[in-house]
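For reference, the structure is listed below as structure tokens.
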Amino acid sequence: MPCGGPRDDRTMTEARRPFRLLHTSDVHLGTFDFDRSGRWDERREQSEDRFRRVVDVGIAERVDVFVIAGDFFDNARVSEETLRFAAEQIARIEVPTVIVPGNHDHVGKNSVYDRIDLTSIAPKLTITRSVEGETVAFEGLDLELWARSHLEHDPDFSPFIDAPGRGDAPWHIAVGHGHYWHPRSGDHPSFHIREEHFTSLDYDYVALGHWEQQTRIAAGDLLAAYSGAPDGHASILGESGRVLVVDFQREGTVRLTSHPLDEGARILSHDEIPFLQGS
Ligand SMILES: [Mn+2]
């Protein structure tokens, strides 16, 4: 069965209401906030511009829901201006938006998400905060989302160990921030996601963050992908960052489209998006 194909008998017999999702991660807003020399002004503007473009893609592609898979902010000391900028951009897309905190923007003590109430600016925003994991449902969408949020640095954190099975909603996705580990991906010190964590997951899509290149993950029948960082310095395609538009289709299939954030770069279809090959 191909990746992203129908996953159970129910999907074969019962049409599901389609919807479209925007997936980004590793925006690292605020990385360049504190530099009195002004040397970083341009980098800061570029970083903000990349996130603005992510939102622009979501608006142009008329997505129904927006997922940010961790490391949205670079650290807990980003300027209040950056916090407000972030919330204003999210408000602009006008669809339900979920931030799942990563290792740079963890929940708990000294969390960046306790600084100001971002939802007072972006009322459709949900920030997940449970380190055990929690399910988010969406009014008007047949979708449930499960995610586990990072606490302050915990090298043993793994986003999908003992994740629950799918619930009653027709569509079920998971979001996680960590390093997908397989024999060819090299050894990274923490936040491991292993293929065996995925084999028990019966979800329609797994939205990943932490790895700054945009890649699909080959893990049995499960469709999982890293959106890559919008600020694409780590891109294996040698260009600026990208964002993923994810189509959940009536017959139960899920298809990715990769949108570039640089003018001139090409939109990639599902099958053109590279698999994670190693670091
Ligand atoms: Mn990270």
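Each value in this text was obtained by applying a stated rule to the coordinates, not by laboratory testing. Keep in mind it's a predicted model, so treat the numbers as computed, not measured. Here the Cβ is made from the backbone with ideal geometry for all residues, glycine too, and neighbour counts use every protein chain on show.
Compute, for the chain, the length of the dipole vector about the Cα centre, with Cβ point charges of +1 (Lys, Arg) and -1 (Asp, Glu) only. Units Debye, rounded to 20.
For this selection, approximately 260 debye.
Specify whether the C-alpha gyration tensor of the stretch 82-162 places it in the rounded, prolate or oblate class, a ≥ b ≥ c being the square roots of the eigenvalues: rounded for a/c under 1.5, otherwise prolate if a/b is larger than b/c and oblate if not. Let's see the in-between values first.
Numbers: a/c = 2.64, a/b = 1.21, b/c = 2.18.
It comes out oblate by the Cα gyration axes.
Hey, what angle do you get for helix 80-93 against the long axis of the chain, alpha-carbon based, 0 to 90 degrees rounded to 10?
Once rounded, one gets 40 degrees.
Using a Förster distance of 22 Å, how high is the FRET efficiency between Glu263 and Arg62, based on the Cβ-Cβ distance and rounded to 0.05?
On the way: r = 21 Å, r/R0 = 0.93.
It comes to 0.60.
I'd like the distance separating the alpha-carbon centroids of the stretch 82-146 and the stretch 24-44, in whole Å.
Distance between centres, Cα-based: 21 Å.
Once both labels are modelled 7 Å past Cα along the beta-carbon direction, what's the Gln46-Ser130 spacing in nm?
It is 4.0 nm.
Under the √(5λ) rule applied to the eigenvalues of the Cα gyration tensor, what semi-axes describe the equivalent ellipsoid of the stretch 9-272? Give them in Å, descending.
Numbers: eigenvalues 145, 82, 75 Å².
Ellipsoid half-lengths, sorted descending, are 27, 20, 19 Å.
So what J values fall out for the stretch 99-106 if you push phi through Karplus, 6.51 cos²θ - 1.76 cosθ + 1.60 with θ = phi - 60°, rounded to Hz, Gly and Pro as x?
My calculation for the stretch 99-106 gives 9, 9, x, x, 6, 7, 10, 4 Hz in order.
Please report the relative contact order for the stretch 9-272, taking Cα pairs under 8 Å with a sequence separation of at least 6, and give it as a percent rounded to a whole number. Write out the running numbers ahead of the final one.
Numbers: 622 pairs, mean separation 53.3, N = 264.
Rounded, it is 20 percent for the stretch 9-272.
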